[in-house]
Amino acid sequence: MKRKKSQTPLKKSGNGSIAVLDIGTAKIACFIAYIDSAGEIKIAGIGHQLSKGIRAGVITDFAEAETSITNAVHAAEQMAGGTVESVMISLSGGNLNSRNVTVEMSLFGEEVTDRDIMDIIEQARESIAHNEHEILHSIPVSYYLDGARGIVDPRKMFGKKLGADVHMITGLAGVMHNLAHCVGRCHLNVDDFVAAPYASALSCLDDDEKQLGVTLIDMGAGSTSFCVVAGGKNVYTDCVPIGGMHVTNDIARGLSTSLSHAERLKTLHGSAIVTASDDQIMVDVPPLGEEDSDESNTMPRSMLVGVIRPRLEEIFEMIRSKIEMSNVAAQAGKRVVLTGGASQLLGVRELAGNILGKQVRLGRPRMLSGLAESVSGPAFATALGMLEYRVNKPREEQLFDIHRHRGGLMVGFEKIVHWFKDNF
């Protein structure tokens, strides 16, 4: 199925229309918005479809992935009353990697300018080997000038030596090019890539949490991504290759039922916490291969919980281990915010608190004008965060937009997209 361009372009208001595409294992969501004259984000169109041909952010079947993307974008365009030409794409799962680097440069007593900020970030980018990776975000965590540390913005200051601690988030180049390739087949350009946990943090965290230190855990279907935010900046990003889909698979295998029934059991009766009544509550489990039969196996809810809990414990134990081994454990604070579709399972918040030893809350993205209640929950945190990223992109990253489009990653993406537009 090919997406064909309509003769009706989207109406623009203020700074124009924005389209974002959250490509996940369970669903693909497209949000179209515009910025009004007051600088506020207004939702114009929403489309979401069951994801096929994609697992943990990696395309496994181009034809199915293309159809899923096309359907999601088309639904959003119909609601918005026009078409979009380009989208911003999320990147998640094991495709993400991060590293903190410290760099410095001489100023010879001159005033710090935008050019100096761009030069020091470029130096940070060049300091890491990334043959198989492309840099998604270069986030200055803090600056120091002539030994004075903790500077938020050194512009207009004078000094002899400028330094910066920079958090670099990278993605696998091959995965990103394949995503761009697939989106190009849908007759869309790629504006940019955004790390999914970074976007989710923008939509779910409040300002005090960002300053005091918090861990944002985005529980997707194919993987669980997380980031640590402290001092208002993203200082660490990582993931574990386990998500809600793995819990569903465990239920299907453990209780000998189909994947569809396993998902239903997880949603309706599943829990991550054992209760005293679990042995008395009975659930019907249709046997695998006998879905059309009236016969079902009946078993206590405790068996279902006994399958679900170990996998979720594994997720949080892996996250705890990764943070403890990082150099940002002290900055992570005492709070955790859970988001993503898999975070909505009963008892997940309590289990996370027990294993991580921190206060845990469920993170819902901030409401935007025109946003329906049905698409405002944790499952849509990444898509809504991408809109916030587009509108409030850090100034340092804005400085690099021209650089990236002139000679870097985006040029390669644009060549791929234009070739497919010309040939399909």
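The values are calculated or read from the model by the stated rules, or taken from the named source; none is laboratory data. From a predicted model like this one, the values you see are computed outputs, not experimental measurements. For neighbour counting, all protein chains shown are included, and Cβ atoms are generated from backbone atoms with ideal geometry for every residue, glycine included. Accessible surface is based on the protein model in full, side chains and every heavy atom, while ligands, DNA and RNA are left aside. Shrake-Rupley method; radii C 1.70, N 1.55, O 1.52, S 1.80 Å.
Brief remarks on what is shown
- The alpha carbon radius of gyration of region 221-307, expressed as a multiple of 2.2 N^0.38 Å, is 1.41.
- About the centre of its Cα atoms, region 167-275 shows a dipole size close to 440 debye [charges on the beta carbon of Lys, Arg (+1) and Asp, Glu (-1) only; nearest 20 debye].
- Build a GNM of the chain with springs between Cα atoms under 10 Å apart, and of 52, 27, 322 the one that fluctuates most is 322.
- Once Rg and the Kirkwood radius are both taken over the C-alpha atoms of region 332-372, their ratio Rg/Rh works out to 1.07.
- Dipole of the chain computed with +1 at Lys/Arg Cβ and -1 at Asp/Glu Cβ about the Cα centre; of 96, 243, 348, farthest Cα towards the positive end is 96.
- Close amide H partners of residue 59, meaning residues 5 or more places away or on another chain with modelled amide H under 5 Å apart, do not exist here.
- Kirkwood-based Rg to Rh ratio, region 68-120, C-alpha trace: 1.31
- Debye, to nearest 20: dipole size of region 346-392, +1 on Lys, Arg Cβ, -1 on Asp, Glu Cβ: 120
- Highest mobility in the GNM of the chain, judged by mean-square fluctuation with C-alpha springs under 10 Å and restricted to 238, 218, 207, is found for 207.
- Once the chain from residue 155 to residue 288 is taken as fully extended at 0.36 nm per residue, the excess over their C-alpha distance is 41.4 nm.
- What you get for the chain, charging only the Cβ of Lys and Arg (+1) and of Asp and Glu (-1), is a dipole of about 620 debye around the Cα centre.
- Surface per residue (accessible, 1.4 Å probe) for region 144-273, Å²: 33
- Counting only heavy atoms of the protein chains and using a 1.4 Å probe, residue 248 has close to 10 Å² of accessible surface.
- For region 271-395, the antiparallel share of DSSP beta bridges with both residues in that region comes to about 50%.
- Estimated D of region 48-193 in µm² per second, where Rh is the Kirkwood radius over Cα pairs and Stokes-Einstein applies at 25 °C, 0.890 mPa s: 138
- Share of carbon and sulfur in the accessible area of the chain stands at 49%, probe radius 1.4 Å.
- Binning all Cα-Cα separations of the chain at 20 Å, short to long from zero, yields these whole-percent fractions: 25, 54, 19, 2, 0.
- Under 9 Å, Cβ to Cβ, from residue 273 - net charge with Lys/Arg +1 and Asp/Glu -1: 0
- Modelled label positions at residue 206 and residue 327, each set 7 Å beyond Cα in the direction of Cβ, lie 3.3 nm from each other.
- Sequence-separation-based contact order of region 44-113, relative, with Cα cut under 8 Å and 6+ spacing, percent: 33
- Relative contact order of the chain, defined on C-alpha pairs under 8 angstrom at six or more residues apart (%): 17
- Near the amide H of residue 44, within less than 5 Å, lie the amide hydrogens of 32, 33, 34, all on another chain or at least 5 residues away, with H placed in the peptide plane.
- Fraction of antiparallel bridges per DSSP, the chain only, in percent to nearest 5: 75
- Estimated FRET transfer efficiency (residue 350, residue 50; beta-carbon r; R0 30 Å; 0.05): 0.50
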